[in-house]
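Student: After the structure tokens below, expect a handful of questions from me.
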Amino acid sequence: MNMKRRTTKAEIRAAMDREVEDYLAHGGQIDEVAQGISGRPQPEKATPPPIFDEPSKSRTDVSELLKQIDARKKKDRAPTLTRNRRPKKKLIYDDFGEPLRWVWED
């Protein structure tokens with residue numbers, strides 16, 4: 001069984017470098033973009049990033065309500081019925097793995 005070998009990061013990097021060199025050798029051009037310039041057509045209309053300097057809001061404690069709901073669930077639950085268990089047949093084997101006899105087990 002022959003396992004397929006995974007390509008390493010160095011091999012992927014080398015392949016990408018070859019593709020870039022081939023692109024440039026055939027007349028391709030790479031434009032440098034200044035840092036902070038957006039790739040969006042209208043960056044001023046982009047959604048602003050969220051700001052997290054607001055104070056945290058108070059939360060409503062619902063632990064008592066959850067306890068009441070859990071109590072109602074337990075109260076409404078019907079008692080579980082046990083099934084009548086029938087005896088099962090079990091095959092007994094000897095030391096060599098040959099079947100000897102059937103016995104009934106509860």
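Student: Which residue, of 5, 72, is part of a loop (DSSP other than H, G, I, E, B) and among the charged types (D, E, K, R)?
Tutor: On the way: 72 fails: part of a loop (DSSP other than H, G, I, E, B).
Unique residue meeting the criteria: 5.
Student: In this structure, is residue 30 closer than 30 Å to residue 19 by Cβ, touching a Leu at 6+ places or on another chain (Cβ under 8 Å), surrounded by fewer than 10 Cβ atoms within 10 Å (Cβ to Cβ) and among the aliphatic types (A, V, I, L, M)?
Tutor: Values: closer than 30 Å to residue 19 by Cβ: yes; touching a Leu at 6+ places or on another chain (Cβ under 8 Å): yes; surrounded by fewer than 10 Cβ atoms within 10 Å (Cβ to Cβ): yes; among the aliphatic types (A, V, I, L, M): yes.
In short, yes.
Student: Ok, one more. Any residue at all in region 45-67 that is surrounded by 10 or more Cβ atoms within 10 Å (Cβ to Cβ) and more than 33 Å from the chain's Cα centre (by Cα)?
Tutor: No, the conditions are met nowhere in region 45-67.
Student: Please pick out the residue among 25, 71, 15 that is surrounded by fewer than 10 Cβ atoms within 10 Å (Cβ to Cβ) and free of Cβ contacts under 8 Å to residues at least 12 places away in the same chain. Steps first, answer last, please.
Tutor: Working: 71 fails: surrounded by fewer than 10 Cβ atoms within 10 Å (Cβ to Cβ); 15 fails: surrounded by fewer than 10 Cβ atoms within 10 Å (Cβ to Cβ).
Of the residues listed, the single one that is surrounded by fewer than 10 Cβ atoms within 10 Å (Cβ to Cβ) and free of Cβ contacts under 8 Å to residues at least 12 places away in the same chain is 25.
Student: If a residue has to be among the small types (Gly, Ala, Ser) and either modelled with pLDDT under 70 or touching a strand residue (DSSP E or B) at 6+ places or on another chain (Cβ under 6 Å) (or both) to count, how many in region 68-83 make the cut?
Tutor: First, the residues of region 68-83 that are among the small types (Gly, Ala, Ser): 71, 78.
Now drop any that are not either modelled with pLDDT under 70 or touching a strand residue (DSSP E or B) at 6+ places or on another chain (Cβ under 6 Å) (or both), which leaves 78.
Qualifying residue count for the region: 1.
The values are calculated or read from the model by the stated rules, or taken from the named source; none is laboratory data. This one's a predicted model, so the numbers in the text were calculated from it and none came from an experiment. Cβ coordinates were reconstructed from backbone atoms using ideal geometry, including for glycine residues, and neighbour counts include every protein chain displayed.
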